[in-house]
Amino acid sequence: MELLTKAGVSLYIHIPFCARKCNYCDFVSYPGQPPEVVAAYCRHLELEMELAARTWQPGPVATVFLGGGTPTLLPAARLAEVLEATENYFGWQPGVEVSVEANPGTITREQLRVLRAAGVNRLSLGVQSFADYLLTAMGRIHRRPDIYQAYDLARGAGFNNINLDLIFGLPGQNLAVWQATLKEAIALRPEHIATYGFQIEEGTPWGRLAAAGQLDHPGEDLELAMYQEARETLAAAGYQQYEISNFARPGYECRHNLTYWQNQPYLGLGVAAASSWQGQRWQNYRDLEQYGAAVAAGRLPRAEIATLTRHQQMGETMFLGLRLLEGVDLEAFRRRFGADPRQVYAGELAPLYQAGLVEEKGGRLRLTARGLPLANEVFVAFV
């Protein structure tokens, strides 16, 4: 199966507002902001769209993704205006994929109706767990009944492409609880399920507890068992694993995220948003006021800009592409860079082949079943 995005740029828009910060989250977000701050931010987003469209003229976009934060914390009409602005400034390709992240505790029937009418056709629900004690420990604002209500409302509003985000390896989580979470997720029959291994981030409440030795974190063996459980259980339920952490029913792979894994160009708008465009990578200002001041003054709010060498671009194409179960298309790599990756990375690949972590099959270089849970050990060879 060929998992290529349609030609055209992908657009990410960061909505940095949330009700409260979760105990594990290190994303750039601003909890508890008043309506006037939110409204000003949306105006600044539109100013940045105008600047970006004028500067790069990317043409109609193939995917749009509103992430956060919690985008659905905003009034639906406000989000609809943001989406309308993307269409006005960039244009949408026919069949554009428009995704919005949503917290199950922030969804209403009317909100979903407005978003669906505004062109949103993919909803990503931040479920994380069906166990209330874990949701409480994480600092999530929703509980198990909210998940079912949000899901039913989404289906009722006409969403036929829904993703559920789940986390394994959480403090206090055991294999039986993870198995129950997978079972409940599958029973809802979403089109897409993403399973992420918990990461301890410095500076977060859980990060500080971990540093003090006070976090009851599952060991590597249990985390590996949870990952393998997800792979086997979801496969048995008809979900095809197409990326290390992502599973989908056929035809429902996330086209926006495929842009990242195939190392294709994308533009990020909003506070802290990252972009990869024409050999450059940059990140916007992380500070809300600094971001707003820049775009209000007619300046692109780029804080960190790096020009990537050809070797860096090749390395990124390798380790991003290896996240996909189908792996790196060797011929496509050769067409793009004028070189065979098996020759460019002969020294790096030899020990990976020997350890049984990668294999070549059907013109692609990919991780083996043994290599999947050890992916980071493979990726470091190309950084």
Residues other than MET314 with Cβ under 15 Å of its Cβ, Lys/Arg counted +1 and Asp/Glu -1, net out at +1
Here the convex hull volume per residue of segment 310-382, taken over Cα atoms and given in Å³, is 75
Which residue fluctuates most in the GNM of the chain (Cα springs below 10 Å): ALA272, ALA230, ALA53? ALA53
Just for the Cα atoms in segment 1-136, what are the lengths along the principal axes, largest first, rounded to whole Å? 47, 44, 30
Computed E for ARG109/GLU201 - FRET, C-beta separation, R0 25 angstrom, nearest 0.05: 0.15
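Which value, in Å to one decimal place, does the Kirkwood hydrodynamic radius take for segment 68-187 when every pair of different Cα atoms is included?
On the way: mean 1/r = 0.0657 Å⁻¹.
It is 15.2 Å.
So if we plug the beta-carbon distance of GLU348 and ALA77 into 1/(1 + (r/R0)^6) with R0 = 45 Å, what FRET efficiency do we get, rounded to 0.05?
Working: r = 51 Å, r/R0 = 1.14.
After rounding to 0.05, the efficiency reads 0.30.
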Env charge @ PHE168, Cβ radius under 12 Å, K,R +1 / D,E -1, value -2
Within the chain, the cysteines whose Cβ lies no closer than 4.7 Å to any other cysteine Cβ are CYS18, CYS42, CYS254
Full extension between ALA212 and HIS311 adds, at 0.36 nm per residue less the Cα distance, a length in nm of 31.6 nm
Counting other C-beta atoms within 10 Å, which of ARG43, ARG78 has the fewest, and how do the rest follow? ARG43, ARG78
Principal axis box of the chain, alpha-carbon based, largest edge first, Å: 59, 49, 44
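Taking the Cα centre of segment 9-261 as origin and charging only Cβ (+1 Lys, Arg; -1 Asp, Glu), how large is the dipole, in debye to the nearest 20? All intermediate terms of the calculation are to be shown ahead of the outcome.
Numbers: 19 positive and 27 negative charges, 124 e Å.
Computed about the Cα centre, the dipole is about 600 debye.
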Would you mind checking the radius of gyration and Dmax of segment 26-66 based on alpha-carbon positions, in Å? 13.4, 36
Taking the chain and counting helices only, DSSP H stretches of n ≥ 4 at -39,500 (n - 2.57) each over all residues, the nearest-500 ellipticity at 222 nm comes to -12500 deg cm²/dmol
Which order do the peptides 242-252, 354-364 come out in when sorted by mean C-beta neighbours inside 10 angstrom, highest first? 242-252, 354-364
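PRO75: net charge of surrounding residues, Cβ under 15 Å, Lys/Arg +1, Asp/Glu -1, itself excluded? Mind showing how you got there, number by number?
Working: positive: ARG43, ARG78, ARG109, ARG113; negative: GLU36, GLU81, GLU84, GLU110.
Around PRO75, the surrounding residues sum to 0.
Each reported figure results from applying straightforward, stated rules to the coordinates on display, with no laboratory input. The shown structure was predicted, so the numbers you read here are calculated from the model rather than taken from an experiment. A quick note on method: Cβ atoms are made from the backbone with ideal geometry, for glycine too, and the neighbour counts reach across all protein chains shown.
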